[in-house]
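Worksheet: one structure, shown below.
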Amino acid sequence: MTVNGSLTDNEALTKALEGALAAGADDAEIFAVRTRRLSIRLYQQRVESLTSSDSEGVGVRVWVGGRVGYQYHTSLDLAPECALAARENADHATPDPSNVVPESEGEASPLDLYRPELTSVSLEEKIELLREVEQGARSDPRARPRDHHYSEQVIDVFMVNSRGIRASYRMGYATLSSWVIAEEKGDVQSGWSISAARSLDGLDRNLGRQAADRALALLGAEKIPTGKASVLLDPLVACQLLAVVGGGLSAEAVQKGRSPFGHLVGEAVASPAVSIVDDARLVEGLGSSPVDDEGIPTQRTVLVEQGVLKSLLHNSQTASRAGAVSTGSAARPSFRGTPGVSPSNLLILPGGAAQKELMGKVDEGLLVTDVSGVHSGANPVSGEISLGAKGLWIKGGKVVRPVREVAIAGQLRELLQGIEAVGSDFVLSPVAGSTGSPTLLLREMTLSGA
Amino acid sequence: MTSATVESSTLERILARALAAGGSFAEVYLEQSERASVRLDDGKIEAAGGGGEVGLGLRVLSGDVSAYAYSTHLEEASLLEMADQAGRALKGAPSGSTATLSVLSAPKRHSVPEEEPAARIGTADKVDIVWRCDRSARACGREVRQVSVGYFDLLRRISVANSSGWRSEEERHYIRLLVHVVAARGDVLQTALEAPAGQAGFEFFRSNPPESVAETAAKRALTMLDAELAPTGPMPVVLAPGSGGVLFHEACGHGLEADIVSKGSVYKGKLGETVGSPAVTLIDDPTISGLWGSYYWDDEGTPARRSVLIEDGVLRSYLCDRLSGEKVGLPSTGNGRREDYRHLPIPRMSNIFLAPGKYSPEEVVASVDSGLFARKLGGGEVNPETGDFVFTVSEGYLIRKGRLGAPVRGATLVGSGPTVLRSARLVADDLGFDPGTCGKEGQGVPVTCGQPTMSIAEMTVGGTRVEG
């Protein structure tokens with residue numbers, strides 16, 4: 001699907017590239033994005049808010065004598081001015097031989113990341129879907145829907161540089177989320193669930209029911225005594241910790257001394273049950289794209305294979321520094337910044353056992369169904385983890401009671417090495433970027449309670 | 001860069017068009033921003049850069065349903081199309097009476113003058129600031145492994161015009177320095193972040209000398225290398241001034257936002273009731289000059305004002321914007337805020353702080369026999385329906401027999417908002433503020449959390465050292 005001509009045919013963008021070179025830049029790169037969004041919030045079967053938007057922006061990166069300068073604007077017409085400002089900004093940067101300019105490697109094989117039916121389905125149908133999901137949350141009289149949200153995005157990306165890279169693609173997806181409260185005898189508990197797909201039929205209509213069940217399962221939750229115990233991580237919880245691990249698998253973090261994985265390529269960093277891949281070619285993965293944010297074709301990269309660290313994620317700069325090849329992992333949070341390194345769809349490969357089977361191996365421990373404070377309590381540099389948690393206490397292989405106000409703590413590398421088993425219940429989710437994991441059984445974490 | 005404006009007559013046409021579809025209220029929010037930034041990492045200036053944004057958001061209310069459309073295109077034709085779309089989106093919503101547009105007055109303007117406007121400071125001087133940080137941090141010890149420094153200044157021009165005739169333009173000048181240090185000993189890495197921020201020009205660096213900021217970060221990272229494992233389980237906690245305010249931000253700040261109150265918060269229906277110990281007086285004040293979370297009008301054009309939320313333990317007020325205020329039967333308290341033109345306004349905190357008490361910090365620490373002293377907090381998170389919250393201690397010390405002892409590694413503290421409010425014990429007289437970004441419903445706004453040194457009877461500490 002070709003990108004709307006508003007980006008690829010935009011004269012101001014071409015002029016910007018030429019203008020940067022005319023102003024004395026050795027090389028230049030234009031990166032432009034157009035995003036169209038729709039968001040619906042539903043409460044008690046009524047639309048609470050409806051937001052739609054059409055916005056764009058451009059970032060110009062310039063190389064002069066090994067120095068990089070940058071400037072951005074929301075107005076594409078101002079791209080030529082951005083180019084001149086970027087050229088001036090470059091004078092203040094430190095020259096660095098690893099500031100390489102990405103070169104064209106030929107056409108990237110296309111990925112079908114946009115379904116026209118995403119946007120052609122009517123607004124009324126989307127509202128109906130949300131109502132159906134919210135209704136599902138009322139399956140039990142103790143449950144009440146708290147927040148239901150549908151959102152969709154269509155993103156057009158265009159980039160061109162002075163070394164022959166010219167790439168454009170369109171991607172689109174919809175996300176559905178459900179937050180439900182369960183209340184009984186003054187006890188209030190909360191559950192949530194999320195689903196994402198390229199079009200409406202891929203979304204899980206049972207979401208409200210799932211979120212309600214998660215909240216109901218926690219009613220009557222009490223604290224637990226402090227101590228060490230086995231821990232099972234529900235897939236969505238494992239996904240959040242996986243995202244923290246992902247930060248440490250960036251070659252940029254490793255090269256700058258900010259990774260708990262140091263220089264461990266070739267060594268065991270996790271138990272043999274663990275294999276982790278980054279797959280940017282997965283059509284249903286929200287982190288996929290045919291090229292990365294520098295225009296290099298993307299790929300599937302095996303990061304950890306049966307516990308052994310095989311590769312880090314690279315962009316062209318980190319690859320140049322390491323004498324390695326880019327893994328197509330250049331990523332910008334938006335057109336407002338220069339590319340760093342980021343996973344695309346980061347996945348722990350599933351194993352053979354269902355969650356119940358894994359639970360059966362636990363004599364006494366905690367199945368963690370929700371964590372909080374990940375953004376502050378999980379340190380991607382030191383690897384220290386300390387989080388709020390809720391879940392279900394397991395005794396003799398079975399759930400005996402719900403648990404709340406627990407803190408779980410550990411060290412990332414020890415936790416990875418202590419993963420005894422990996423379940424078969426793989427879930428791909430838009431939580432923490434785009435991550436996927438099954439249930440994980442960890443030998444031991446410290447649990448704090450009463 | 002160019003100055004973006006939308007003509008009065010255009011504004012009136014857009015607002016009228018938005019109301020014509022049956023809306024009871026319409027508002028145009030126009031924002032222009034310009035940012036300059038410098039990033040240093042691994043001993044190099046990686047990028048000096050910046051950029052600008054211009055965007056417009058049109059909000060139409062019909063009863064309590066909001067339609068919102070935003071764009072980076074300001075041509076009248078595309079704005080009128082946006083107004084039509086917003087109207088179509090409201091079709092089927094119960095309409096209030098069709099409102100008529102009041103004539104727009106000339107805009108009221110406000111801007112706090114900077115002594116040394118950042119926009120007039122050359123990039124070379126900004127680059128110098130970050131180099132000074134790098135040198136000072138590295139000079140603190142051999143074990144400083146890595147330093148990354150970010151500087152940015154941001155000018156935001158916010159214009160609000162609505163169908164009641166209100167029109168305002170406010171200019172805000174933000175400035176921030178972020179120093180992140182990694183210290184290493186063998187395989188063990190520890191990190192620290194110091195990120196002072198305010199609304200000011202370059203004079204900001206007189207009260208926040210770059211060398212001090214960098215040294216504070218470096219010394220914290222180095223101290224953490226010597227730290228023991230954090231203790232585990234329930235214990236009394238003393239919080240140092242400033243970032244300790246994150247506790248209240250999470251324990252009750254969000255729970256007092258009127259949109260959350262109307263849907264279900266642990267503080268719902270409790271105005272006039274005792275919700276905390278008598279030591280707790282909690283205030284939200286966007287009018288404090290120069291603080292990161294301050295403003296003159298909120299992002300709906302309501303004048304900012306100081307709100308006493310809890311007074312000597314009794315709940316006095318919620319934080320309201322127009323819409324959520326209506327839902328709880330209260331006027332806006334001037335807390336309607338948005339990250340930028342891409343978002344609807346919702347009730348947010350600004351500068352939220354615990355009022356100072358009468359004790360000295362030493363007395364507060366001495367009152368605890370065995371517990372944890374949290375000198376610096378990282379962030380936290382709360383579920384306002386259940387009241388359960390967490391926050392992370394990034395620099396902590398054991399308290400043994402009323403005295404500060406060994407440093408301990410970071411840990412997250414877990415608690416229940418209402419329980420913690422009731423467990424607040426002694427409050428000292430040394431009020432301090434710490435800036436941060438508060439995230440809610442996918443939008444982040446600048447805030448500060450403030451408090452003096454204070455003690456909490458008991459919280460659960462999530463360390464890794466299990467006694468006995």
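The values are calculated or read from the model by the stated rules, or taken from the named source; none is laboratory data. What you are looking at is a predicted structure, and each value in this text was computed from that prediction instead of being measured. Here Cβ is always computed from backbone atoms with ideal geometry, including for glycine, and neighbour counts include all displayed protein chains. Quick note on the areas: whole protein, heavy atoms, side chains included, nothing else; ligands and nucleic acids left out. Shrake-Rupley method; radii C 1.70, N 1.55, O 1.52, S 1.80 Å.
The table for this structure:
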item	result
Candidates A:94, A:74, filtered to the one that is facing chain B (nearest Cβ under 10 Å), open to solvent by 20 Å² or more (accessible area, probe 1.4 Å) and touching a strand residue (DSSP E or B) at 6+ places or on another chain (Cβ under 6 Å)	A:94
Among (1) open to solvent by less than 10 Å² (accessible area, probe 1.4 Å); (2) among the hydroxyl-bearing types (Ser, Thr, Tyr); (3) within 13 Å of chain B (Cβ to nearest Cβ) - the single one residue A:193 does not satisfy	(3)
Residue in segment B:409-418 that is away from chain A (no Cβ under 13 Å), more than 19 Å from residue B:370 (Cβ to Cβ), over 15 Å from the mean Cα position of the chain (by Cα) and surrounded by 22 or more Cβ atoms within 10 Å (Cβ to Cβ) present	no
Residue ranges of strands (runs of 3 or more DSSP E) in segment A:123-222 with at least 2 members without any contact (Cβ under 8 Å) to a residue 40 or more places away in the chain	A:166-184, A:187-197
Number of the exception - residue A:387 against (1) modelled with pLDDT under 95; (2) open to solvent by 20 Å² or more (accessible area, probe 1.4 Å)	(2)
Residue identified as away from chain A (no Cβ under 14 Å) and not charged (D, E, K, R) among B:38, B:60, B:54, B:28	B:28
Failed criterion for residue A:109 (all others in (1) more than 30 Å from residue A:32 (Cβ to Cβ); (2) open to solvent by 50 Å² or more (accessible area, probe 1.4 Å); (3) in contact (Cβ under 8 Å) with a residue 60 or more places away in the chain hold)	(1)
Residues satisfying the stated conditions in segment B:380-395, i.e. open to solvent by less than 30 Å² (accessible area, probe 1.4 Å) and either more than 11 Å from chain A (Cβ to nearest Cβ) or touching a helix residue (DSSP H, G or I) at 6+ places or on another chain (Cβ under 6 Å) (or both)	B:380, B:384, B:387, B:389, B:391, B:392, B:395
Qualifying residue in segment A:416-428 (condition: within 14 Å of chain B (Cβ to nearest Cβ) and assigned to a loop (DSSP other than H, G, I, E, B))	yes
Neighbours by Cβ (under 6 Å, 6+ apart or cross-chain): first from segment B:231-255, modelled with pLDDT of 90 or more; second of a type in the set (Gly, Ala, Ser) and open to solvent by 20 Å² or more (accessible area, probe 1.4 Å)	B:236/B:457
Subset of segment B:185-199 (residues that are surrounded by fewer than 20 Cβ atoms within 10 Å (Cβ to Cβ) and in a strand (DSSP E or B))	B:185, B:188, B:193
Strands (runs of 3 or more DSSP E) (entirely within segment B:422-468) containing at least 1 residues that are open to solvent by 10 Å² or more (accessible area, probe 1.4 Å) and out of contact with any Pro (no Cβ under 9 Å at 6 or more places or on another chain)	B:424-427, B:432-440, B:443-451
Lone qualifier among B:307, B:317 - being under 30 Å from residue B:68 (Cα atoms), touching a Ser or Thr at 6+ places or on another chain (Cβ under 9 Å), open to solvent by less than 10 Å² (accessible area, probe 1.4 Å) and modelled with pLDDT of 95 or more	B:307
Answer from A:250, A:259, A:230, A:316 - the residue that is open to solvent by less than 30 Å² (accessible area, probe 1.4 Å), away from chain B (no Cβ under 14 Å) and either in contact (Cβ under 8 Å) with a residue 24 or more places away in the chain or of a type in the set (Val, Ile, Thr) (or both)	A:316
